[in-house]
Amino acid sequence: MSGVLRKCAALFGTAAAIGAYRYYQRFEDGSGAGGTYGGTGLAARFLHSSQALASFTNNFEPSVRWDNNWDRRDPKSLVRPPRNDEERAAYEKALEEAVPKSSRHLILVRHAQYCDGDTDAARCLTELGWQQAELTGQRLKELNLPLIKLHFSTMTRAKQTAEAIRRHLPSSLSAEPCSLLEEGAPVPPEPPAPHYQPSPDTFHQDGARIESAFRRFFHRASASQAEDSYELLVCHANVIRYFVCRALQLPRRLGSGSA
């Protein structure tokens with residue numbers, strides 16, 4: 001019992017150890033097992049249990065495990081499992097051939113500073129915003145990445161940002177507008193933002209659209225892709241926050257908020 005008390009004192013303090021001892025005696029002789037001693041009762045229950053709690057040990061088990069098939073393109077989901085031992089060799093070969101040999105790189109750029117306005121057209125870039133976009137284009141030129149495509153939101157501030165960036169990139173670079181990348185409210189913010197309260201139907205519609213954008217652009221390379229690829233996405237703050245949380249398999253509400 002002395003070893004148990006030393007353990008309790010180390011974890012919860014001397015007062016808790018004394019209370020745990022009294023609680024333990026009552027627990028052993030059957031005279032009571034309630035919450036008479038408050039927090040010390042919890043200490044005694046912990047010490048009396050043979051199962052260690054995760055918070056006091058190194059054997060922590062995550063509440064949510066990583067989903068390897070997050071994009072529904074895991075090779076194991078693309079190749080039909082063998083029905084018998086005779087098909088095992090062919091299955092292993094097909095599985096190996098389905099594994100991507102390269103990576104896809106997505107560069108996310110939020111639009112530059114823009115003017116307040118009541119319409120999308122009025123929300124155009126400020127003078128500083130144009131400078132920010134030009135500098136972003138210059139930096140991308142310096143990086144000299146083998147970009148294969150530029151995707152941009154169809155909202156004015158994103159289109160203008162993409163326009164300024166593109167001036168510094170090879171003229172052969174394909175540029176494609178995408179309405180899925182428009183700003184929106186994908187999920188209710190957490191913590192709640194009193195100044196940002198879209199209607200519930202807004203979350204319902206924008207969430208589906210932005211999730212569609214994620215599924216379109218965020219996925220592993222196909223097995224036929226021989227080299228790494230680089231694509232540029234010019235969009236918005238809420239969209240990028242959603243993408244990042246979704247890619248990291250974090251709760252999407254953690255990344256939501258007003259733009």
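The values are calculated or read from the model by the stated rules, or taken from the named source; none is laboratory data. Everything numeric here is computed off the predicted structure, so don't read it as measured data. Backbone-built Cβ (ideal geometry, glycine too); neighbour counts: all protein chains shown.
Please pick out the residue among GLY137, GLY129 that is out of contact with any strand residue (DSSP E or B) (no Cβ under 7 Å at 6 or more places or on another chain) and either over 30 Å from ASN69 (Cβ atoms) or surrounded by 14 or more Cβ atoms within 10 Å (Cβ to Cβ) (or both).
Only one candidate qualifies: GLY137.
Restricting to the stretch 89-105, and then to whatever is surrounded by 15 or more Cβ atoms within 10 Å (Cβ to Cβ) and among the aliphatic types (A, V, I, L, M), can you tell me which residue is farthest from ARG73 (Cα to Cα)?
Step by step, filter the stretch 89-105, then rank; the result is ALA94.
So the check is Cβ under 9 Å with 6+ separation or different chains; which pairs have a first residue in the stretch 225-241 that's without any contact (Cβ under 8 Å) to a residue 40 or more places away in the chain and a second one that's of a type outside the set (Val, Ile, Thr) and part of a helix (DSSP H, G or I)?
So the pair list comes out as ARG241/ARG252; ARG241/LEU254; ARG241/GLY255.
Between a residue in the stretch 98-118 that is over 28 Å from LEU135 (Cα atoms) and any residue that is of a type in the set (Asp, Glu) and surrounded by fewer than 14 Cβ atoms within 10 Å (Cβ to Cβ), which pairs come within a Cβ distance under 8 Å, given they are 6 or more apart or on different chains?
SER102/GLU227; SER102/ASP228
For the condition farther than 30 Å from LYS76 by Cβ, in contact with a His (Cβ under 7 Å, 6 or more places away or on another chain) and either modelled with pLDDT of 95 or more or in a helix (DSSP H, G or I) (or both), what is the one hit in THR161, THR119? Write out each step before concluding.
Working: THR119 fails: in contact with a His (Cβ under 7 Å, 6 or more places away or on another chain).
Selected residue: THR161, the only one of THR161, THR119 that is farther than 30 Å from LYS76 by Cβ, in contact with a His (Cβ under 7 Å, 6 or more places away or on another chain) and either modelled with pLDDT of 95 or more or in a helix (DSSP H, G or I) (or both).
Being surrounded by 13 or more Cβ atoms within 10 Å (Cβ to Cβ), within 16 Å of the chain's Cα centre (by Cα), in the same structural domain as TRP130 (by TED's automatic domain parsing) and not aliphatic (A, V, I, L, M), is that true of even one residue in the stretch 173-185?
Scanning the stretch 173-185, I find no residue that is surrounded by 13 or more Cβ atoms within 10 Å (Cβ to Cβ), within 16 Å of the chain's Cα centre (by Cα), in the same structural domain as TRP130 (by TED's automatic domain parsing) and not aliphatic (A, V, I, L, M), so the answer is no.
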